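Structure record follows, encoded as structure tokens.
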């Protein structure tokens, strides 16, 4: 059932991409990759060069720390986690987390200081956003926000080895700061939120183009096509495994085409079954009186 659901989602996303309402990027380079975390909260990471001294930032936690705990257990690193969301903070404080999980009740954005933090439209959801919704109901709270460069300065970090971001639309400002300020970040794991009102597909496209121009390449992507893992291609071991010229983007597109074909076949079978059932119902339904009489007369002749 999960395969059918994933195939359907892939087909729906492919249709949205064809209509210009969504966007999908191919794999651009081939490097070793490991997945850390749950199906919902997991991310692809390149393990090469990661040690216990690596600097890991995790922006946006929610109620899923499986990625952070897996990184701690696998590499013995300290993970600096940032999230000012009230529900998330309450959840994290109720958990018995290792000392290597270092929680900072901060948002990360385009300035240093207070900012309005908007709740989700669905009260059952957790994630708040620095991006104002179209219908501001006046329910925003005030949180403390810091720029990424300010956080690195405060924590005395000269570089970031892995930066994970799921921050509900604020990722564009953080990426702009990285690119404009030439902040040394080796891997960027990010979920793009161009589906949010006021952001749009073009902003994600421009951001990925800027990342590529700065030397970042996509080495992994989620099935949904919303989460991407980038690595700085200037690393010598990255170029040793090949860049876009090795044809990995072609394989990625072929895999995507295969998934689309599977989805079409599954939907075609379901459609054919529905049409067949409808036809049987029509055939088994009683004919109108006039038609029955005409058929009876033809038989008598």
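Selection over segment 196-226 of residues that are in contact with a strand residue (DSSP E or B) (Cβ under 6 Å, 6 or more places away or on another chain), in contact (Cβ under 8 Å) with a residue 40 or more places away in the chain and either farther than 16 Å from residue 186 by Cβ or surrounded by fewer than 14 Cβ atoms within 10 Å (Cβ to Cβ) (or both) gives a count of 1.
Any chance segment 182-203 includes a residue that's more than 19 Å from the chain's Cα centre (by Cα), in a strand (DSSP E or B) and at pLDDT below 95? No, segment 182-203 contains no residue that is more than 19 Å from the chain's Cα centre (by Cα), in a strand (DSSP E or B) and at pLDDT below 95. Total residues in segment 28-65 satisfying the condition of being in contact with a strand residue (DSSP E or B) (Cβ under 6 Å, 6 or more places away or on another chain), touching a residue at least 40 places away in the same chain (Cβ under 8 Å), outside any strand (DSSP E or B) and under 14 Å from residue 227 (Cα atoms): the figure is 0.
Among the conditions (1) under 19 Å from residue 190 (Cα atoms); (2) in contact with a helix residue (DSSP H, G or I) (Cβ under 8 Å, 6 or more places away or on another chain); (3) not in a strand (DSSP E or B), residue 164 misses just one, which is (3).
May I ask you to verify whether residue 73 is within 21 Å of residue 35 (Cβ to Cβ) and surrounded by fewer than 20 Cβ atoms within 10 Å (Cβ to Cβ)? The answer is yes for residue 73. Filtered by the rule that a residue be more than 13 Å from the chain's Cα centre (by Cα) and modelled with pLDDT under 95, segment 209-244 gives 233, 234, 235, 236, 237, 238, 239, 240, 241, 242, 243, 244. Restricting attention to segment 70-88, the residues being more than 22 Å from the chain's Cα centre (by Cα) and at pLDDT below 95 number 1.
Of all residues in segment 89-112, how many are modelled with pLDDT under 95, surrounded by fewer than 15 Cβ atoms within 10 Å (Cβ to Cβ) and not in a helix (DSSP H, G or I)? So the count comes out to 3. Among the residues of segment 133-146, how many are surrounded by fewer than 19 Cβ atoms within 10 Å (Cβ to Cβ) and touching a residue at least 40 places away in the same chain (Cβ under 8 Å)? So the count comes out to 4. May I ask you to verify whether residue 149 is in contact (Cβ under 8 Å) with a residue 24 or more places away in the chain and either in contact with a helix residue (DSSP H, G or I) (Cβ under 9 Å, 6 or more places away or on another chain) or at positive phi (or both)? Yes: the conditions hold for residue 149. Against the definition (within 22 Å of the chain's Cα centre (by Cα), modelled with pLDDT of 90 or more, surrounded by fewer than 17 Cβ atoms within 10 Å (Cβ to Cβ) and in a helix (DSSP H, G or I)), how does residue 253 come out, yes or no? Taking the combined requirement at face value, the residue does not satisfy it.
The values are calculated or read from the model by the stated rules, or taken from the named source; none is laboratory data. This is a predicted model, so every value here is computed, not measured. Cβ sites come from the backbone with ideal geometry, for glycine too, and all protein chains shown count toward neighbours.
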